[in-house]
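This report refers to the structure that appears directly beneath it.
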Amino acid sequence: MVIRRRGRGDREPRGAGSASPVGYQQTASRLHAFNRYEIKYFVDELTVPRLREELAAHMDLDPHSCNGGYPVTSLYYDTADLRFYWEKIEGLRFRRKLRMRLYGSPSACTADTEVQVEVKQRVNRVTQKRRIALPYGTALRWLHDREDIDCDPAQRPFVHEVSTLVGNLDLRPVVTTGYLREAFLGRDADLGLRVTIDHKVHGRDRDFHFAAAAPNRYTIPPKLAIVEIKANERVPYWVTDLLARLNLTVVRISKYCQSVQAFGLVPRSITGAPELVLPDGADLTAPADLLETAASNPAADNTNRSGVHA
């Protein structure tokens, strides 16, 4: 596999050997590297229609968000002693994690399907992401079999960093997370603003192939969605006013950490949000087709390719 160099007008290389990305994957590779602030909130699903209506008055709906949102599935890597998990829990000012991300139907994922290999890191209050787009089979050989990959010279430092992380820390798959994401894009004076609403957050701690017909369970109560406010510099006043009117408060939540706790890989944090406590005996099984219904919408997959996935 070779990562080809784009033409002069396209400044960011992406994975070669695969067709041009479409639908959900179409814009993910554009976000090769970026810095921003991210703030998270819980919102009850009963409040989402009002939130959606107010956001739509100020922002543009990501065209891939129709039909309830687009599917996102991520596979997280960590050390045997869960170093990345504990760095998050302990609130280190510099921390990072490695994940592989799929946009679209998990059951349709093949060796040729484009995925994103991404390092997400936190430096003080700023979130930084760097990623590379690759065919799924190539990504597996790289991260699981520890094979080197050919790439564009511009991507070599990132590829070397990931290979070093995987090799030196002996990183291995730990959990997956999946959800349906609605996204709103800022316009006019708010072009750097992005708001996402993640529904039905679930995952598993085994059978890590994206297309595996393995059961998933909810890791966050399905009555709750996660709202993320993502801004390059500042959060507009109308956003903070909206959140206050809806009585939303900031939460310190990580989908990865929540999955680690939900599957008993570590004791559940006693300082966690009380909203996440589920009644004993609750059925946490996620429907097998949860991410398939939205992914099967042809309008979301093949049209309006101007949105930006994150």
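Restricting attention to segment 178-242, which GluC sites (Glu not before Pro) occupy a DSSP loop and are surrounded by at most 13 other Cβ atoms within 10 Å?
Hits after loop and neighbour filter: E233.
Taking a probe of 1.4 Å, how large is the accessible area per residue of segment 34-268, in Å²?
Per residue, segment 34-268 has 41 Å² of solvent-accessible surface.
List the trypsin sites (Lys or Arg not before Pro) within segment 34-141 that DSSP assigns to loop and that have no more than 10 neighbouring Cβ atoms inside 10 Å.
In loop regions of segment 34-141 (DSSP not H, G, I, E or B), the sparsely surrounded trypsin sites (Lys or Arg not before Pro) are R93, R125.
How big is the convex hull of the Cα atoms of segment 22-155, per residue, in Å³?
Convex hull volume per residue, Cα atoms: 163 Å³.
Give me the net charge of Y256's neighbourhood, meaning all other residues with Cβ under 9 Å from the Cβ of Y256; Lys, Arg count +1, Asp, Glu -1.
Once positives and negatives cancel, what remains is +3.
Once a ≥ b ≥ c are taken as the square roots of the eigenvalues of the Cα gyration tensor of segment 34-268, is the result rounded (a/c under 1.5), prolate (a/b larger than b/c) or oblate (a/b not larger than b/c)?
Cα axes put segment 34-268 in the prolate bin.
What do you get for GluC sites (Glu not before Pro) in segment 69-159 restricted to DSSP loop and a cutoff of at most 13 other Cβ within 10 Å of the site's Cβ?
The qualifying sites are E90, E147.
How far is it, in nm, from the label point at L191 to the one at R50 when both lie 7 Å from their Cα along the line to the Cβ?
3.4 nm
I need the shape label for segment 155-282. Rule: rounded when a/c is under 1.5, else prolate if a/b > b/c, else oblate, with a, b, c from the alpha carbon gyration tensor.
oblate
If you place +1 on the Cβ of every Lys and Arg, -1 on the Cβ of every Asp and Glu, and leave all else neutral, what size is the dipole of segment 34-268 about its Cα centre, to the nearest 20 Debye?
700 debye
The values are calculated or read from the model by the stated rules, or taken from the named source; none is laboratory data. What you see is a predicted model; the values in this text were computed from it and never measured. Reconstructed Cβ throughout: ideal geometry from the backbone, glycine too, with neighbour counts over all protein chains shown. For the accessible areas, the whole protein counts, side chains as well, though only heavy atoms, and no ligand, DNA or RNA atoms are used. Shrake-Rupley method; radii C 1.70, N 1.55, O 1.52, S 1.80 Å.
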